[in-house]
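S.K.: I'd like to ask some things about the structure below.
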Amino acid sequence: LFLPSMRKKSGLSNAEASVDGDTLTSHWLVDDMFSFENVGFTKDVGRIKYLICADCEIGPIGWH
């Protein structure tokens, strides 16, 4: 899965042609998406919800 580089919500721009990030080949898996106390979720981007910091909205830090 391609995971975009972490940015603060205000640092996003619709005019950007390319997105920096990393293609992940390994990851952690938790049984319950509510295992973390301070994680927020974005709206659906295709079939993926990205995980972000609920306090500062920096992310993505993972996906669901």
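S.K.: Considering the zone a paramagnetic label at MET6 would reach in this model (a point 7 Å from Cα along the Cα-to-Cβ line), which residues of segment 39-60 have amide N under 19 Å from it?
M.R.: 39-43, 49-60, by backbone N distance to the label point.
S.K.: Starting from the Cα gyration tensor of segment 23-64, take the square roots of the eigenvalues, sort them a ≥ b ≥ c, and report rounded, prolate or oblate (rounded when a/c is under 1.5, otherwise prolate if a/b is larger than b/c, else oblate). Spell out each step's value before the answer.
M.R.: Details: a/c = 1.44, a/b = 1.14, b/c = 1.27.
Rounded shape, in that the Cα axes give a/c under 1.5.
S.K.: Same structure, new question: Sort the following peptides by mean Cβ neighbour count (other Cβ atoms within 10 Å, averaged over residues), highest first: 37-47, 20-30. Write down the numbers at each step before the final one.
M.R.: Details: 37-47: 10.6, 20-30: 8.0.
Ranked by mean Cβ neighbours within 10 Å, highest first: 37-47, 20-30.
Every read-out reported here was derived from the displayed coordinates using simple, explicitly stated rules and does not represent laboratory data. The shown structure was predicted, so the numbers you read here are calculated from the model rather than taken from an experiment. Please note: Cβ atoms are built from the backbone with ideal geometry, for glycine as well, and neighbour counts cover all protein chains shown.
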